[in-house]
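K.L.:
I am attaching a structure below and will ask some questions about it afterwards.
The values are calculated or read from the model by the stated rules, or taken from the named source; none is laboratory data. No experiment lies behind these values; they were computed from the predicted model shown. All Cβ positions, glycine included, derive from the backbone under ideal geometry; neighbour counts span all protein chains shown. Please note that ligands, DNA and RNA were not included when accessible areas were found on the heavy atoms of the full protein model with its side chains. Shrake-Rupley method; radii C 1.70, N 1.55, O 1.52, S 1.80 Å.
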Amino acid sequence: NAGVTQTPKFRILKIGQSMTLQCTQDMNHNYMYWYRQDPGMGLKLIYYSVGAGITDKGEVPNGYNVSRSTTEDFPLRLELAAPSQTSVYFCASSPTVGDPTDTQYFGPGTRLTVL
Amino acid sequence: AQTVTQSQPEMSVQEAETVTLSCTYDTSESDYYLFWYKQPPSRQMILVIRQEAYKQQNATENRFSVNFQKAAKSFSLKISDSQLGDAAMYFCAYRSQGGSEKLVFGKGMKLTVNP
């Protein structure tokens, strides 16, 4: 059982380039999330999804886009990379509300540097 | 909006001793969940312990226990018999009951365990 997987682990982008961070979970969780973690800070929510075809903005969505075509996958797209997007990105998933486990499971993170 | 505050950026403890990590939060909600996550150098976010606000009994998980003071909006984590493997960043997090299960994180605290 792989849990939540993220690719790539590391990436360096030039200003203005675009890329997609991949996130896949094999636990059949309905809820998925993208967070960013800046140095010395806690995680901040970028986007989340409560099911396939449904996404919504979190606290810091500017400069990002997401899609949720399947239950398993929740990719995060950066269209025009900026130095302010240098961060570590975490994907997470959680079961449907009311599940007794009811916690978020995190992927290992992607370290992105924009130069 | 809810906020989570971890006022101690760093702490250290001797191996086998006990340490308490503090966390306060602000909310107008009566039902919610609180979490402690551990982030080792691998950057993986690992759930340590979870507390439901409607439960008066403090949660425990082996060497980890919490002191949940709802009226004071305080949620501290006690680590007993500290081990070298406990060294990590620790994040306190808040989640509203129901809805999208979004987590609000504190800035984190770095715990060092000295042999």
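K.L.:
I'd like the projected area of the protein assembly as shown, averaged over all directions, using the convex hull of its alpha carbons. Report it in nm² with one decimal.
P.N.:
12.5 nm²
K.L.:
Averaged across the residues of A:40-46, what count of C-beta atoms belonging to other chains lies within 10 Å of each residue's C-beta?
P.N.:
For this peptide, the per-residue mean of nearby foreign Cβ atoms is 6.
K.L.:
Relative contact order for chain A: what is it in percent, counting Cα pairs under 8 Å that are at least 6 residues apart?
P.N.:
Computed over chain A, the figure is 35 percent.
K.L.:
Please compute how much accessible surface disappears when A pairs with B, both sides summed, using a 1.4 Å probe, and round it to the nearest 100 Å².
P.N.:
1800 Å²
K.L.:
Tell me the carbon and sulfur percent of the accessible area for chain A, rounded to whole percent, probe radius 1.4 Å.
P.N.:
53 percent
K.L.:
Looking at the protein assembly as shown only, what percent of DSSP beta bridges run antiparallel? Nearest 5 please.
P.N.:
Taking every DSSP beta bridge within the protein assembly as shown, about 90 percent pair in antiparallel fashion.
K.L.:
Give me the base-10 log of I(q)/I(0) for chain A at each q in 0.10, 0.11 Å⁻¹, Debye formula, one uniform scatterer per Cα, rounded to two decimals.
P.N.:
Taken in order of the listed q values, log10 I(q)/I(0) reads -0.27, -0.32.
K.L.:
Counting residues in chain B as N, plug N into 2.2 N^0.38 Å and put the Cα Rg over that result.
P.N.:
My calculation over the Cα atoms of chain B gives 1.02.
K.L.:
Something else: Shielding of B:18-27 by partners, i.e. mean partner chain Cβ atoms within 10 Å per residue?
P.N.:
Mean shielding count: 0.
K.L.:
Another one. Tell me, rounded to the nearest percent, the portion of alpha carbon pairs in segment B:1-65 spaced more than 21 Å apart.
P.N.:
Value for segment B:1-65: 33 percent of Cα pairs lie more than 21 Å apart.
K.L.:
Once you average over the residues of B:46-54, how many Cβ atoms of partner chains fall within 10 Å of each Cβ?
P.N.:
Per residue, the number of nearby Cβ atoms from other chains is 1 on average.
K.L.:
Continuing with the same structure: In whole Å, what is the distance between the alpha-carbon centres of segment B:69-90 and segment A:48-70?
P.N.:
32 Å
K.L.:
Taking a cut-off of 22 Å between Cα atoms, list the lysines near A:Lys9, but don't count ones fewer than 8 places away on the same chain.
P.N.:
Filter leaves A:Lys44, B:Lys38.
K.L.:
Once label points are set 7 Å from the Cα along Cα→Cβ at both B:Tyr54 and A:Lys57, what is their separation, rounded to one decimal in nm?
P.N.:
My value for the distance between the label points is 3.3 nm.
K.L.:
Taking the alpha-carbon distance from B:Lys107 and a cut-off under 19 Å, which aspartates and glutamates remain once sequence neighbours fewer than 8 residues away in the same chain are dropped?
P.N.:
Cα-Cα hits under 19 Å: A:Asp38, A:Glu59, B:Glu10, B:Asp26, B:Asp86.
K.L.:
Here's another thing I want to ask about it. Take peptides B:7-16, A:52-61 and line them up by average Cβ neighbours within 10 Å, highest first, as a rough protection proxy.
P.N.:
Order by mean packing, descending: A:52-61, B:7-16.
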